[in-house]
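Colleague: Before I ask anything, let me first share the structure, which is written out below as structure tokens.
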Amino acid sequence: MRSIFMVIMDCGDGSQTIEWHKTMSQEKEDYLVENDEYDSYASGEGFQCTELKFPDNFDIELFGIQNNIYWFEDQKS
């Protein structure tokens, strides 16, 4: 199985948006929340992440292109 992750972000004006991730781990979640100066990940009940699962042969890159998805990349080195 292959997975992608949808993270709900609070825009601060009453609206929300989705941040798309190809990877997620507890370490990454902790990093995102701890380094979030605008509380963008504090929407509703805190960090909200949904894992979408696909078969191994599913083309995630094509899915992203067809759905105009911008993949969030880790900014830490």
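Colleague: Those residues that are in contact with a strand residue (DSSP E or B) (Cβ under 6 Å, 6 or more places away or on another chain) and modelled with pLDDT of 90 or more, I need them from the range 41-55; list them, please. Spell out the reasoning first.
Modeller: Here is the first cut: in the range 41-55, the residues in contact with a strand residue (DSSP E or B) (Cβ under 6 Å, 6 or more places away or on another chain) are 43, 48-54.
Passing the criteria: Gln48, Cys49, Thr50, Glu51, Leu52, Lys53, Phe54.
Colleague: Need a quick list: strands (runs of 3 or more DSSP E) entirely within the chain having at least 2 residues that are touching a Ser or Thr at 6+ places or on another chain (Cβ under 8 Å) and loosely packed, with under 12 Cβ neighbours inside 10 Å. Walk me through how you get there before you give the answer.
Modeller: On the way: elements: 2-10, 16-21, 49-54.
Hits in the chain: 49-54.
Colleague: Would you mention how many residues in the range 22-31 are in contact with an Asp or Glu (Cβ under 9 Å, 6 or more places away or on another chain) and of a type outside the set (Ser, Thr, Tyr)? Don't jump to the end; show me each part of the working.
Modeller: Going residue by residue through the range 22-31, those that are in contact with an Asp or Glu (Cβ under 9 Å, 6 or more places away or on another chain) are 22-24, 28, 31.
This time we only want the ones that are of a type outside the set (Ser, Thr, Tyr), so: 22, 24, 28.
Adding up the residues that qualify gives 3.
The values are calculated or read from the model by the stated rules, or taken from the named source; none is laboratory data. Because the structure is predicted, anything quoted here is derived from the model rather than measured. Glycine gets a Cβ as well: all are built from the backbone with ideal geometry, and neighbour counts include every protein chain shown.
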